[in-house]
Amino acid sequence: MTSLDRHPGVRVTVVMPTYNEAANLPRMAELVLDLPVDGLHLKVVDDSSPDGTGRIAEELAEKYNWDGRRRMSVLHRTEKDGLGRAYVAGMSAALEEGADYVVQMDADGSHPVEAVPRMLGTAVASGVGLVVGSRYVEGGSLDAEWGKHRVLLSRFANRYARTVLGTKIRDITAGFNLWSAATLRDIDLATLDSAGYSFQVELKFKAVRAGHSAVEIPIRFEERTEGVSKMNLATQIESAVMPVRLRLRNRRG
């Protein structure tokens with residue numbers, strides 16, 4: 001890999017929300033911080049995990065922040081009030097700290113870390129405001145351990161949201177995304193309503209409405225190996241209601 005491929009001078013912050021991810025975080029931090037991207041920073045946003053994830057994150061930051069380089073930081077939140085709110089806190093902090101691009105990534109290992117340089121290269125070369133790590137474009141796939149019910153539910157959720165909102169993004173519910181700082185500023189993160197997983201849909205919809213282009217690149221979505229999913233009935237209901245709410249607001253506007 002050449003120095004150009006490493007994107008010198010480009011500041012990239014990976015925002016990784018955590019809640020009870022003590023078993024996954026050390027491996028994920030190592031994988032992210034080993035990426036061949038010169039200006040990469042990992043920001044963990046922990047919602048006061050009772051399993052000690054926040055403490056582990058601080059220990060990891062101390063380990064990786066050596067020789068005057070601040071490669072990792074931890075944002076501690078006092079309450080667990082939704083994935084969307086955690087992302088807003090982390091992404092807002094990244095923008096304040098001067099990030100040129102912000103990556104959303106889960107801490108459970110489901111997103112392929114090695115795809116980040118490819119996503120960044122796509123954004124830099126094309127000038128798009130959003131690169132989606134997509135399960136539903138040609139070449140994308142889901143872990144074979146996903147049951148048929150989960151696959152059908154995921155595909156239905158994407159088709160439903162795309163149809164209601166009239167968007168061409170095939171994986172609009174994707175949680176593995178790279179954003180330009182300009183796009184996030186145009187959206188105004190403080191105005192987002194979603195607390196849970198529907199944050200992914202609302203953010204993409206508002207980016208496209210603001211005139212920013214999106215590119216999807218194929219990824220393989222893996223099943224988590226440790227811990228349990230944070231999806232519950234409340235977040236599923238919010239995810240179903242949010243597209244309709246966005247469409248109605250857009251009509252009124």
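Each reported figure results from applying straightforward, stated rules to the coordinates on display, with no laboratory input. In this text, all values refer to a predicted model and were calculated from it rather than measured experimentally. Ideal geometry is used to build each Cβ from the backbone, glycine not excepted, and the neighbour counts take in all protein chains shown.
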- request: Output the peptides 148-160, 105-117 sorted from most to least packed, where packing is the average of other Cβ atoms within 10 Å over each peptide's residues.
  value: 105-117, 148-160
- line: With only helices counted (DSSP H, runs n ≥ 4, each -39500 (n - 2.57)), the per-residue ellipticity at 222 nm for the chain, to the nearest 500, works out to -12500 deg cm²/dmol
query: When DSSP beta bridges are limited to those with both residues in the chain, what percentage is antiparallel, rounded to the nearest 5?
result: 25 percent
statement: Dipole check, the range 1-151, charges on Cβ (K,R +1; D,E -1), about Cα centroid: among Ala115, Val32, Tyr136 the Cα furthest to the positive pole belongs to Tyr136
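Please work out how much length the chain gains when fully extended from Asp51 to Glu114, using 0.36 nm per residue of separation minus the C-alpha to C-alpha distance, in nm with one decimal.
Details: separation 63, 0.36 × 63 = 22.68 nm, distance 2.75 nm.
Gain on stretching Asp51 to Glu114: 19.9 nm.
Determine, from the Cβ-Cβ distance of Arg220 and Thr78 and an R0 of 25 Å, the FRET efficiency 1/(1 + (r/R0)^6), rounded to the nearest 0.05. Can you show the working numbers first?
Values: r = 36 Å, r/R0 = 1.43.
My answer for the efficiency is 0.10.
Beyond 28 Å between alpha-carbons counts as too far, so tell me which of Lys148/Lys206; Lys43/Lys204; Lys80/Lys148; Lys80/Lys168 fall in that bin.
Values: Lys148/Lys206 31 Å; Lys43/Lys204 21 Å; Lys80/Lys148 30 Å; Lys80/Lys168 32 Å.
Going by Cα-Cα distance, Lys148/Lys206; Lys80/Lys148; Lys80/Lys168 fall outside the 28 Å limit.
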Residues listed by number, the range 14-34, amide nitrogen under 17 Å from Glu62 label point at 7 Å toward C-beta: 26
- line: When the charge dipole of the chain is computed with +1 on Lys and Arg Cβ and -1 on Asp and Glu Cβ about the Cα centre, the Cα farthest towards its positive end, among Asn65, Ala214, Val44, belongs to Ala214
field: Given charges at beta-carbon only (K, R positive; D, E negative), |dipole| of the range 24-94 in Debye
entry: 140 debye
Total charge dipole magnitude, the chain, about the Cα centre, Cβ charges on Lys, Arg, Asp, Glu only, Debye to nearest 20: 1300 debye
